């Protein structure tokens, strides 16, 4: 079998994973296989990453590491098709939201270790964050291997699995919240007369700089916010309006809804 990678599902996260592998100085795998119900996606991956298209059962038989990169609703159908195809020494990595390692372990052969991963879309540009959790059969070596591979996509953190639904709601879904806030902020600038390109540049640089200040200063965001809010000034007037409009509650509610949905997805069979 050699040191080979098999990817089931050729979507955005699988694409990001292969982009990360391309950044490696030393290649981790001798051979990379992929499969998808959409043949055009296999063709795209084959042309961009020099991977081999393969049938589902053969991919699992021939891979030392299998990445399950399908929708949560498709997981059980896929695993049923490959139930007897696993080999000793194969590691399964699932990026399906909400699906617990204990349930995945029941769906594969008893010798297969399972790692659960929650990435996010900034992994596509090497600036993502991935949470990694191991199942009952997973060794420290397995976790470190996955963490190292995901490090090519951004920051990879090994966590207790009990946090994974919360991680899904915060960092997994988080880019969508960020894009919505950025879109609204840019449009607000346009609304008061700024050119669209200028408003976008101002907003992006403001957010980028603010994040850098939090990282470098290690201060709580509330303390940094207070430094900008002078008495009876423009900033405190704007902050008050945001608070009056329920911005804080909106985030609490959104993250809680995403968290509950992740739990719900894990209960689908």
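Every number here is computed from the coordinates shown, using simple stated rules; none is lab data. Keep in mind it's a predicted model, so treat the numbers as computed, not measured. Note: ideal-geometry Cβ built from the backbone for every residue, glycine included; neighbour counts use all protein chains shown.
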How high is the FRET efficiency between residue 140 and residue 219 when r is their beta carbon distance and R₀ equals 35 Å, given to the nearest 0.05?
0.50
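Rounded if a/c is under 1.5, else prolate if a/b beats b/c, else oblate: with a ≥ b ≥ c from the C-alpha gyration tensor eigenvalues square-rooted, which is segment 174-265?
Details: a/c = 1.57, a/b = 1.32, b/c = 1.19.
Taking the square roots of the gyration eigenvalues as a ≥ b ≥ c, segment 174-265 is prolate.
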Taking the chain as the reference, fit the longest principal axis to its C-alpha atoms, fit the long axis of helix 196-217 to the helix C-alpha atoms, and give the angle between the two in degrees, 0 to 90, nearest 10.
80
For the chain, what is the mean residue ellipticity at 222 nm derived from helices alone (per DSSP H run of n ≥ 4: -39500 (n - 2.57); sum divided by total residues; nearest 500 deg cm²/dmol)?
-15500 deg cm²/dmol
Taking Cα pairs under 8 Å and at least six residues apart, what relative contact order does the chain come out at, in percent?
16
So how far, in whole Å, is the C-alpha centre of segment 106-175 from the one of segment 25-47?
20
Could you work out the relative contact order of segment 174-265? I mean the mean sequence separation of Cα pairs under 8 Å and 6+ apart, divided by the number of residues, in percent.
12
Relative to the longest principal Cα axis of the chain, at what angle does helix 140-150 sit, 0 to 90 degrees, rounded to 10?
60
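Among rounded, prolate and oblate, which fits segment 43-123 when a ≥ b ≥ c are the square roots of the eigenvalues of its C-alpha gyration tensor, a/c under 1.5 means rounded, and a/b larger than b/c means prolate? Mind dumping the intermediate values first?
Numbers: a/c = 1.73, a/b = 1.16, b/c = 1.50.
Taking the square roots of the gyration eigenvalues as a ≥ b ≥ c, segment 43-123 is oblate.
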Could you point to the label whose value was computed as Cα Rg over 2.2 N^0.38 Å for the structure here, given (i) 1.17; (ii) 1.27; (iii) 0.96?
(i)
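Please give the peptides 67-76, 244-253 ranked by average Cβ packing (other Cβ atoms within 10 Å per residue), highest first, as a rough proxy for protection.
On the way: 67-76: 19.1, 244-253: 10.8.
Ranked by mean Cβ neighbours within 10 Å, highest first: 67-76, 244-253.
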Could you order peptides 35-48, 148-161, 189-202 by the average number of other Cβ atoms within 10 Å of their residues, highest first?
148-161, 35-48, 189-202
Determine, for each peptide in 220-226, 163-169, the mean count of other beta carbons within 10 angstrom over its residues, then list the peptides with the highest first.
163-169, 220-226
Simple spin-label model, 7 Å along Cα-to-Cβ: residue 43 to residue 208 in nm?
3.7
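Is the shape of segment 24-158 rounded, prolate or oblate, going by the alpha carbon gyration tensor and its root eigenvalues a ≥ b ≥ c, with a/c under 1.5 for rounded and a/b larger than b/c for prolate?
Numbers: a/c = 1.38, a/b = 1.03, b/c = 1.33.
The shape class here is rounded.
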Using Cα atoms only, what is the angle between the long axis of helix 12-22 and the major principal axis of the chain, expressed in degrees (0 to 90) to the nearest 10?
80
